[in-house]
Each structure stands twice: as C-alpha cells, then as structure tokens.
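Right, one structure below, let's go through it.
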Amino acid sequence: MRIWFFCDVAPEDRGETPLADARAVLARIDPAIRRRFARHGVMYVRNYGGGLDLPWEQVFGTDDPALVERTCRARGIAWEWQEDGRLRTRQVCASEAVHPRTGETVWFNQAHLFHVSALEPDLRETLLAVVDEEDLPRNACYGDGSPIEDAVLDEIRAAYAAEMLRFPWKRGDVLMLDNMLMTHGRAPFTGPRRILVAMAEPWGATGPA
C-alpha cells in the first residue's frame, strides 16, 4: 500500500518515474471496455526461461517443481510444464480494485504492459519470428482466453498518457506514494541511474505473478 523512492544517483538523461492517478485513468476508459474487463478479468500468461525470460527456478526461488506447484495452487495460478522442463503459468485477476481505506475504485491491472503490443514493433516482430504467440515470455488476454484488441489497449494507454505526471530526479529526492491510488513506471535513460525503492503495508489481494 505504501512505496518510497529515493534518488541516490540522478540520471543524466531522462529516467523519470512517470506517475498517474489510477482513479483518473479509470474515469477516462470507455464504460463498455470497463464492463468487458470486469466480466472476464485479465489473464496474465508467462513463459519462464528458454533464453527469453528469467528461469522459473530464479523467479520462484527453488528448483523443486513440487514447491512451485504448491505456490501456484495457493495463489490460484494455473501451471503447465513443457516437454523441455520450461514452465508456463496463467493467472486471471480482476481489472479493478477498491481501495480499502478510501473506498474508491481504481484501474488495477497490467494488461497494457504484459500484452505483446507493449513491445517495440521491431522487437515484437523479432520475437514472433522465433516463437509462437503462446510462447512469448509475457502476454495478456481476457480472462476467458480471448485476445484483447489492440484498439482497446491503445485507449487504455492513452488514458495513462493523458494523466501522466513527470519530474526530473535530483539526488536526495524522496517520493512516497499510495501504491494503489497512484501508478508508476520508468522512463528510458542512458548513463548511471540509481533509484532505491522500499515498500510497506501489504494488501491482501494478489496481482500478477
């Protein structure tokens, strides 16, 4: 529920931490799109290892498949072991959430980030030339498994862009956010950059693994 950022080394070029109010983002999204997401949820698909993403052993902190399955079962994550030992997971989460203190509804998902359309066109083309879409390191679809339309994701990204706040980091800056009411990202940068992060007050609901 709480997240702090501390600027230890300010980037020389870009490297901002863009912010957006999740309530305002929600208000900008077409009600018809909201209803569809609310009805189906968001399915996050992840393929570990294979030289394209982190190996499942590193992500789950174990080399025991039984422990991985136990963790997935406890979190409502479907898992599938591939013939070469790689792991594919699918997790369906809600698209919105209600803040436990303010009672406000917020747009609370990462569909626009997990979906293959979030990749740069050249990288997307390269990856799809190597693997099938179901084998991409990360992707997102509606909770019923149907594809999310690019136009829908474009509208969601436009909502974030319209609400985006940016500021240049200076060494010693401290930023504290309500991590549910406000969203954050990271802009590209060149050269050194060191932003330290601390979090507190875990929330009971789970997001994408």
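The values are calculated or read from the model by the stated rules, or taken from the named source; none is laboratory data. Everything numeric in this text was worked out from a predicted model, so none of it was measured. Cβ: placed from backbone, ideal geometry, glycine included. Neighbour counts: every protein chain shown.
Observations on the structure shown:
Quick grid of which residues meet (1) crowded, with 19+ Cβ neighbours inside 10 Å; (2) more than 22 Å from Thr17 (Cα to Cα):
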| site | (1), (2) |
| --- | --- |
| Cys93 | yes, yes |
| His112 | yes, no |
| Arg124 | no, yes |
| Glu133 | no, yes |
| Tyr142 | yes, yes |
| Gly145 | no, yes |
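- Residue match in segment 100-111 (condition: touching a residue at least 24 places away in the same chain (Cβ under 8 Å) and under 18 Å from Tyr48 (Cβ atoms)): yes
- Exactly one residue out of Arg88, Arg34 is over 25 Å from Leu136 (Cα atoms) and either touching a residue at least 12 places away in the same chain (Cβ under 8 Å) or touching a Lys or Arg at 6+ places or on another chain (Cβ under 6 Å) (or both), and it is Arg34.
- Within segment 52-75, the presence of a residue that is within 25 Å of Ala22 (Cβ to Cβ), in contact (Cβ under 8 Å) with a residue 60 or more places away in the chain and hydrophobic (A, V, I, L, M, F, W, C) is excluded.
- Looking across segment 56-84, the residues that are under 21 Å from Leu127 (Cβ atoms) and either in contact with a Lys or Arg (Cβ under 8 Å, 6 or more places away or on another chain) or buried (at least 16 other Cβ atoms within 10 Å of the Cβ) (or both) come down to Trp56, Val59, Glu80, Gln82.
- Note on segment 131-153: among residues that are part of a helix (DSSP H, G or I) and in contact (Cβ under 8 Å) with a residue 12 or more places away in the chain, the one that is nearest to the chain's Cα centre (by Cα) is Leu153.
- Residues in segment 64-92 that are within 17 Å of Asp144 (Cα to Cα) and in contact with a Gly (Cβ under 6 Å, 6 or more places away or on another chain): 1 in all.
- The lone criterion from (1) within 30 Å of Ala32 (Cα to Cα); (2) more than 17 Å from the chain's Cα centre (by Cα); (3) surrounded by 15 or more Cβ atoms within 10 Å (Cβ to Cβ); (4) among the basic types (Lys, Arg) left unmet by Arg193 is number (1).
- Those residues of segment 83-140 which are at pLDDT 95 or above and aromatic (Phe, Trp, Tyr), in sequence order: Trp107, Phe108
- Residue tally, condition among the aliphatic types (A, V, I, L, M) and buried (at least 16 other Cβ atoms within 10 Å of the Cβ), over segment 95-110: 2
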